[in-house]
Amino acid sequence: MKIFGDIKKLESLPPTKTLLMADPKYYEVSYAINVHMIDEKGELKSVDKSGALRQWLNLKREFENHNLKVEVVPAAAGLPDLVFTANQSLSLPGGRVLLSKMKSEQRAPEVEKLKSWYQKQGTINFYQMENIFESMGDLIWYSRKKLFFGGYGFRTDEQALEEMYRVTNIPIIGLKLQMEEFYHLDTCFSVLDEESLAYFPEAFDKQTNEFLKSWFKNIIILDEEEAINNFAGNCYCPDGKNVFLQNGSKKFEKNLRELNFNPVAVDTSEFIKGGGSVFCMKLPLFL
């Protein structure tokens, strides 16, 4: 675990009710860059494209039904993972955008596609990360405060978190990941509000677990099967109340209700084949 900056005096984070998603027209599993993309026979998983479109449209509709505005990046042939918009860029208060440096060569061109989209909206304040950095796959806001929990070890380099702090002056609590099933922080770690966390402890070392116990009042320990197969930790709570998550996570839903959260279950099973779910498929925008 690494801490960058002062985590004792935190500024408030401006609210955002706009999300960025990407048209899933070309989404498929055409290469393997995480263990979820391979089936029991060692072959690439097959995507039901019409099913994926239905799931994407339903997720977008659920966001909109909960008072969130959704902007959409056009699909791009040859970039099947563009749909996971949490990864290519980071929108910051004040209109600044940090551009990721993707670890896999297959996904690297996605960054320019996102930059082009921002430019069409009038954004001119960009910073290109120098170290391997996959944005909100490994950066999670601490509720309504200017503080990030940052994952490193598989996709994002530890040096990227230091760079990120240097160029933004936003403190970061760096958490080292240690299970290949959870290659991004957002696959196993979800901040629900300032007092509440849902996560899978085995993805982290003892020091990290002890720190998290001291930081959060309420902790939901994710069931292993729900965490790995249902991507329960890849949920999204935009307002401290409603939690969008993959359906079928019954234990997690029960735990959420006990803490007075409202589970909003959706089906993202076609996207789990690519290694992502609800959190991966959107990016909060500060416009």
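The values are calculated or read from the model by the stated rules, or taken from the named source; none is laboratory data. Every value quoted in this text rests on a predicted model; they were computed, and no experiment measured them. Positions of Cβ are generated from backbone atoms using ideal geometry, with glycine treated the same way; all protein chains shown enter the neighbour counts.
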| request: Within segment 246-263, track down each residue that is out of contact with any helix residue (DSSP H, G or I) (no Cβ under 6 Å at 6 or more places or on another chain) and buried (at least 19 other Cβ atoms within 10 Å of the Cβ). | output: Gln246, Glu253, Asn255, Leu256, Phe261
| message | Among (1) buried (at least 20 other Cβ atoms within 10 Å of the Cβ); (2) under 23 Å from Arg144 (Cβ atoms); (3) touching a residue at least 60 places away in the same chain (Cβ under 8 Å), there is one condition Gly276 misses while meeting the rest; what is its number? | response | (2)
| Unique match (being outside any strand (DSSP E or B), surrounded by fewer than 17 Cβ atoms within 10 Å (Cβ to Cβ) and touching a strand residue (DSSP E or B) at 6+ places or on another chain (Cβ under 9 Å)) among Ser30, Ser50, Ser46 | Ser30
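Do any strands (runs of 3 or more DSSP E) lying entirely in segment 89-131 carry at least 1 residues that are among the hydroxyl-bearing types (Ser, Thr, Tyr) and in contact with a strand residue (DSSP E or B) (Cβ under 8 Å, 6 or more places away or on another chain), and which ones are they?
Values: elements: 89-92, 96-99, 126-128.
The qualifying strands (runs of 3 or more DSSP E) are 89-92, 126-128.
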| When you scan segment 1-37, how many residues do you find that are over 22 Å from Asp138 (Cα atoms) and β-branched (Val, Ile, Thr)? | 0
| said: Condition check: hydroxyl-bearing (Ser, Thr, Tyr), more than 28 Å from Ile272 (Cα to Cα) and in contact with a Pro (Cβ under 9 Å, 6 or more places away or on another chain). Does Tyr165 satisfy that? | reply: yes
| Positions within segment 132-189 being under 16 Å from Ala203 (Cα atoms), of a type in the set (S, T, N, Q) and in a helix (DSSP H, G or I), in sequence order | Thr187
| query | Is it true that Leu44 is over 17 Å from the mean Cα position of the chain (by Cα) and without any contact (Cβ under 8 Å) to a residue 40 or more places away in the chain? | reply | yes
| query | Could you say whether any residue in segment 191-214 is surrounded by fewer than 21 Cβ atoms within 10 Å (Cβ to Cβ), among the hydrophobic types (A, V, I, L, M, F, W, C), more than 21 Å from Ile7 (Cβ to Cβ) and free of Cβ contacts under 8 Å to residues at least 60 places away in the same chain? | reply | no
| note | Picking from Pro15, Pro24, the residue that is part of a loop (DSSP other than H, G, I, E, B), surrounded by fewer than 16 Cβ atoms within 10 Å (Cβ to Cβ), within 19 Å of the chain's Cα centre (by Cα) and of a type outside the set (Asp, Glu) would be Pro15
| Given (1) in contact with a Gly (Cβ under 9 Å, 6 or more places away or on another chain); (2) among the small types (Gly, Ala, Ser); (3) assigned to a helix (DSSP H, G or I), number of the condition Ala86 does not satisfy | (3)
| query | If only one of Ile221, Ile228 is under 15 Å from Ile272 (Cα atoms) and either at pLDDT 95 or above or touching an Asp or Glu at 6+ places or on another chain (Cβ under 7 Å) (or both), which one is it? | reply | Ile228
| field | Filter result for Pro74 (touching a residue at least 12 places away in the same chain (Cβ under 8 Å) and crowded, with 18+ Cβ neighbours inside 10 Å) | value | no
| message | So, in segment 56-75, how many residues would count as being more than 11 Å from Leu20 (Cα to Cα) and touching a Phe, Trp or Tyr at 6+ places or on another chain (Cβ under 7 Å)? | response | 2
| task | Within segment 123-142, identify whether any single residue is within 20 Å of Gly275 (Cβ to Cβ), in contact with an Asp or Glu (Cβ under 8 Å, 6 or more places away or on another chain) and without any contact (Cβ under 8 Å) to a residue 40 or more places away in the chain, and answer yes or no. | result | yes
